[in-house]
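All of the numbers you see were taken from the coordinates with simple rules; none came from a lab. Fair warning: this is a prediction, and the values are worked out from it, not measured in the lab. Glycine gets a Cβ as well: all are built from the backbone with ideal geometry, and neighbour counts include every protein chain shown.
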Amino acid sequence: MIHRKELYSLWKYHYSYSHHNTHYCIGENTATMHPYHESNRKNESVLPASSQFSAQHPRTYIQATSPNIHMSGTGEARILGSAIAGVSELMLFHPVDTIAKRLMSFESRLIHTGSLSETTVNLNKAIFKENASKGVGPKALGLFPGIGFGAVYKILQRVYKFGGQPVLKDFMTERYGQDFDRIFGHKTGNTMISATSGSLIGIGEVILLPLDALKVKAQTAPEQLRGRGVVEIFMKEGFGLYRGAGWTVARNAPGSFALFGGNTAAKSFMEVEDGKAATWTQDAIASCTGAILSISVAQPLDVVKTRIQNRPFDSPESGVRIISKLMKNEGFGAFFKGLTPKLMIVGPKLVFSFTIAQHTIQYFTTRFNK
């Protein structure tokens, strides 16, 4: 029987999979895949005895259990890479997240087409709140509330989201890859598996909602937390911190579907297939595509979710009620408050975190596998 270390060595240098009766060989530094037909391998063993491997089988082929196997890195590499991405993103982009949250929470008309000065006053008041009349320094420092909650939330979210989606995708590929290929075709099927696994992971992200709620309150209504400890808040409010969970699921499912599906579709368009390393530029372009789609799709429900979260603990308001008031007082355009800075800055934020996550995962995987 061949041993695990020998099997791994065999996989690392010469890995092949079967699709429509054609075998594809991927060498150690192979940039493209070439077909290896049945007629060329009739005298070769699939799994030779370990004692015969070095002498008799310098180039051996293993048939995978699925035509769509996708190796996304080890568990340790996924956790470390995703955590580094989360911390890096938080330090650079938390102020922009605060701006977006405050714009979404501002319940009056922001833009007055006939008066630039009035629009400027509204934006200044919405973004900087009590620091609106102060200097540049206080205004800048005032954009960092909730960074403690944000740190814990972002690290857990990124580890869960970018570390968990590849695991679920691998599972779905092995179990249902052939079904997706049959229904959608190979390329589209791979995109749909990536999008569906991302959507399911996004739904599960609701478990972290209490941390997100406290971050939003610190950014938009800090008076609700003033003088209260974290333990006291969790003990007293309990499941009240999960208000808006249904709206969060409704926001996350299509948003994550678009994020991971758009990323995979863009890579497929650039002919970067699973198992083939992408360049930094290709990762960045693919991540940007997924980010823009995700932000745009999720924005209207993100406004509703944010307003549910910034309501006082003792005076909650339903999503339906918030939508009714928004339509009456602000108009349909209010669903897209905060979209501009998110597309201009938060889009690159997701590009940054997604790209850093993918490359650090790849780096640690290489290191751990040496």
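Exactly which chymotrypsin sites (Phe, Trp or Tyr not before Pro) in region 75-178 are in a DSSP loop and have at most 12 other Cβ atoms within 10 Å? Numbers along the way, then the final one.
Values: sites: PHE93, PHE106, PHE128, PHE149, TYR153, TYR160, PHE162, PHE171, TYR176; in loops: PHE106.
Counting only loop positions with at most 12 other Cβ atoms within 10 Å, none of the chymotrypsin sites (Phe, Trp or Tyr not before Pro) in region 75-178 qualifies.
For the pairs LYS161/LYS267; LYS139/LYS236; LYS276/LYS370; LYS236/LYS328; LYS236/LYS337; LYS134/LYS342, note any where the Cα-Cα span goes beyond 23 Å.
Details: LYS161/LYS267 19 Å; LYS139/LYS236 32 Å; LYS276/LYS370 19 Å; LYS236/LYS328 34 Å; LYS236/LYS337 32 Å; LYS134/LYS342 25 Å.
Flagged as over cut-off: LYS139/LYS236; LYS236/LYS328; LYS236/LYS337; LYS134/LYS342.
Residue by residue through region 89-98, what is 3J(HN,Hα) from phi via Karplus (6.51 cos²θ - 1.76 cosθ + 1.60, θ = phi - 60°)? Round to whole Hz and write x for glycine and proline.
4, 4, 5, 8, 10, 4, x, 5, 4, 4
Which whole-Hz couplings ³J(HN,Hα) result when phi for each residue of region 209-214 is put into the Karplus expression 6.51 cos²θ - 1.76 cosθ + 1.60, θ = phi - 60°, listed in order with x for Gly and Pro?
Going residue by residue, I get 4, x, 5, 5, 4, 5 Hz, with x marking Gly and Pro.
Could you give me the ³J(HN,Hα) list for region 295-302, computed from phi with Karplus coefficients 6.51, -1.76, 1.60 and θ = phi - 60°, whole Hz, x at Gly and Pro?
The phi angles translate into 4, 5, 5, 8, 4, x, 6, 5 Hz.
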